[in-house]
Amino acid sequence: MEPTTPAPGIPGCQFASDNTAGISPAALQALSDASQGFAASYGDDAWTTRLSQRLREWFETDCEMFLVFNGTAANSLALASLCQSYHSVICTDVSHIETDECGGPEFFSNGSKLLVAPSHNGKLNPEDVRHLVTKRSDIHYPKPRVVSITQSTELGTVYTCDELLALRDVKKSGNLRMHMDGARFANAVAALGCTPRQCTWEVGVDVLCLGGTKNGLPMSEIVLFFDRELAKEFDYRCKQAGQLASKMRFLSAPWLGLLENDLWLSNGRHANACARQLAEELSKIPQIRLRGPQEANAVFAEMPPRWVAELHRRGWRFYSFIGSASARFMCSWATQQADIAALLRDIRDVAAQEGGDPSV
Ligand SMILES: *Cc1c(COP(=O)(O)O)cnc(C)c1O
């Protein structure tokens, strides 16, 4: 059989996305340990109860959690629970809910409209949100109900707590709810160096879609409600959408493995450090321009199209359509020094052979 995971340092899809990595060993061990005998189904098991408690300790508040299989479901169902069909959700034009969920949020909310604002390095600007909320108040306009932000953002940046506080002010004055797409929440917390509570409910987040997949789980994300009133009947939504796992312990147990010894945080830190290192080295290559600040685990680089084609020909897989950069390199918990070194070696080699002006 063909090996599916390339050995470190061999071209492949290591940098295409953080969801190309395998399962973090402690999570895999916890998954395996949970496969002992019989346990109650649909979440009535000891692992799920324990996870629920751990999340309350972790976020230092009485939150309510729901496990789903992926991020599209987490975001779509969370937004559906915040909106009536005539409401709207304010997000950036590069947000995952706008560009990568195939209309899931609109579908599950029976038509709530996404109102997009221009992204500033992946972030929502409070003034743009305010404008969208106040520019119309008549009955013909889809009533703004939610401000949705991604942390860390689709462009690899991280909202500071002050930026989140500014959004909270707009949220309050516009009587909105705040949804956070935290597919890469661990990378954001690692970058900010704050506690989870300081960058979520303390700054106005009502619902967090907490990412596990990209942080080292086989699958699953958590929809975490800080306002328990909003969580009412959310279990029915999950079930109807096909997101209620019957063997839920196998979603919960790996999460416990990730939370043990703050592995989630070290995984996030590791991925961020790899991206920092890659960004530093790429910035020394004259024909390469980095796009936006590297703050989490992504590096966006502008390089001549010929280079991109040549790197792809050599077997490197990375996306060229995200943001406006010609290459996005994503690091994960599993990125190794040898991977970074091999990628840089090939890029320098292509640079030496091709030369070139990045604008061509
Ligand atoms: C990966 C990702 C998701 C989740 O995507 P799924 O493929 O549905 O699991 C959600 N939001 C962002 C910003 C992501 O990068």
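The values are calculated or read from the model by the stated rules, or taken from the named source; none is laboratory data. Everything quoted here is computed from the prediction, not taken from an experiment. As a convention, Cβ positions derive from the backbone with ideal geometry for all residues, glycine included, and neighbour counts pool all protein chains shown. Side chains are part of the model used for accessible areas, which takes the heavy atoms of the whole protein and leaves out ligands, DNA and RNA. Shrake-Rupley method; radii C 1.70, N 1.55, O 1.52, S 1.80 Å.
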Query raised in the report: Taking every DSSP beta bridge that has both residues in the chain, what percent is antiparallel when rounded to the nearest 5?
Result: 50 percent
Query raised in the report: Per the 1.4 Å probe, what fraction of the accessible area of segment 45-92, in percent, lies on carbon and sulfur atoms?
Result: 46 percent
Query raised in the report: Using a 1.4 angstrom probe and counting only protein chains, how large is the accessible area of I285 in Å², to 10?
Result: 20 Å²
Query raised in the report: Ordered by residue, what ³J(HN,Hα) values in Hz, to whole numbers, does segment 45-62 give under the Karplus form 6.51 cos²θ - 1.76 cosθ + 1.60, where θ = phi - 60° and Gly and Pro are x?
Result: 10, 5, 5, 5, 4, 5, 4, 4, 5, 4, 5, 5, 5, 5, 9, 6, 7, 8
Query raised in the report: Would you list K239, K232, K123 from the most to the least accessible area, probe 1.4 Å?
Result: K232, K239, K123
Query - Amide H contacts under 5 Å for A327, placed H, 5+ residues apart - result: A301, M303
Query raised in the report: Which of the GluC sites (Glu not before Pro) found in segment 93-182 are loop residues per DSSP with 13 or fewer other Cβ atoms within 10 Å of their Cβ?
Result: none
Query - Sorted peptide list for 304-316, 71-83, criterion being average Cβ within 10 angstrom, highest first - result: 71-83, 304-316
Query raised in the report: How many Å² of accessible area per residue for segment 147-291, probe 1.4 Å?
Result: 38 Å²
Requested in this report: Sort segment 193-255 into rounded, prolate or oblate with this rule: let a ≥ b ≥ c be the square roots of the eigenvalues of the Cα gyration tensor; rounded if a/c is under 1.5, and if a/c is not under 1.5, prolate when a/b is larger than b/c, oblate otherwise.
Outcome: oblate
Query raised in the report: Hey, could you pull the Cα Rg and Dmax for the chain, both in Å?
Result: 20.8, 62
Query raised in the report: When only C-alpha pairs under 8 Å and at least 6 residues apart count, what is the relative contact order of the chain, in percent?
Result: 25 percent
Query - Residue-level accessible surface for F69, protein heavy atoms, 1.4 Å, Å² - result: 70 Å²
Query - Accessible-area order (highest first, 1.4 angstrom probe) of the listed residues F300, F321 - result: F321, F300
Requested in this report: In whole Hz, with x marking every Gly and Pro, tabulate ³J(HN,Hα) for segment 250-257 from phi via Karplus 6.51 cos²θ - 1.76 cosθ + 1.60, θ = phi - 60°.
Outcome: 7, 8, 6, 4, x, 4, 4, x
Query - Spatially proximal lysines relative to K247 (Cα-Cα < 26 Å; intrachain offsets below 8 disregarded) - result: K214, K232, K239
